[in-house]
């Protein structure tokens, strides 16, 4: 099962990604994590990426695609993988297709703008691991502390109201063309075209998770039946 998980900031995508990875035994692949790992390893692609990162520039799509292509060939991706928040643009999606990175399903979560801003305003993050919580929807067992390490949780600067609004505007700029791109692939009847599913993330975290699992379970049965 090869999945792309999309959604605006604050929609709960990271939480659902962890649920999927655990249930189906597939790795959750984050481009940010891959970049940092490549830089630490000192690989050729990592050194190239570091030049851009050190200069404060965006790492080009070609470098990211090469990282993704290498990552999905690793043994732990034999049963599939989950790409969390990538691709973000149509050119990135087209570059993935050109690099023969096949995907079975694209899931995009959506929520009303007001709800997204409320979720962002209550989000807490464990900086070392990236684990996220929410004061209302998914609170930590001890207020302000990570469930696993007990370390302090922080509120990210880009979750403040003005910054959160800007992030949503940037997401919307690319999300609509990307949705049309994947929907068009499916409509064209291409043999390798992934299914595109747009799903509401409204409601409790567990409720959203269960709805998603029903879709994924049915698809896995159909693929093996």
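The values are calculated or read from the model by the stated rules, or taken from the named source; none is laboratory data. The structure displayed is predicted, hence computed values, not measured ones. Because the Cβ atoms are built from the backbone with ideal geometry, glycine has one as well, and the counts that use them run over all protein chains shown.
Could you check region 108-134 and list, in sequence order, the residues that are surrounded by 16 or more Cβ atoms within 10 Å (Cβ to Cβ) and out of contact with any helix residue (DSSP H, G or I) (no Cβ under 7 Å at 6 or more places or on another chain)?
110, 111, 118, 119, 122, 124, 125, 126, 131, 133, listed by residue number.
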Identify the residue in region 181-201 that is assigned to a loop (DSSP other than H, G, I, E, B) and surrounded by 14 or more Cβ atoms within 10 Å (Cβ to Cβ) and, among all such residues, is modelled with the lowest pLDDT.
193
All conditions in (1) within 29 Å of residue 168 (Cβ to Cβ); (2) surrounded by fewer than 15 Cβ atoms within 10 Å (Cβ to Cβ) are true of residue 47 except (1)
Which count do you get for residues in region 75-88 that are out of contact with any helix residue (DSSP H, G or I) (no Cβ under 9 Å at 6 or more places or on another chain) and touching a residue at least 12 places away in the same chain (Cβ under 8 Å)?
1
Please find, among 25, 62, 56, 10, the residue that is touching a helix residue (DSSP H, G or I) at 6+ places or on another chain (Cβ under 6 Å) and either surrounded by 18 or more Cβ atoms within 10 Å (Cβ to Cβ) or without any contact (Cβ under 8 Å) to a residue 60 or more places away in the chain (or both).
10
Based on what the data block shows, is residue 20 under 12 Å from the mean Cα position of the chain (by Cα) and farther than 20 Å from residue 136 by Cα?
yes
Residue 96, sole failed condition from (1) in contact (Cβ under 8 Å) with a residue 40 or more places away in the chain; (2) buried (at least 16 other Cβ atoms within 10 Å of the Cβ); (3) over 23 Å from residue 19 (Cβ atoms):
(1)
Residue hits (region 111-141; within 16 Å of the chain's Cα centre (by Cα) and assigned to a loop (DSSP other than H, G, I, E, B)) are 111, 129, 130, 131
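Does residue 150 fit the bill of being on the phi > 0 side of the Ramachandran plot and touching a strand residue (DSSP E or B) at 6+ places or on another chain (Cβ under 7 Å)?
no
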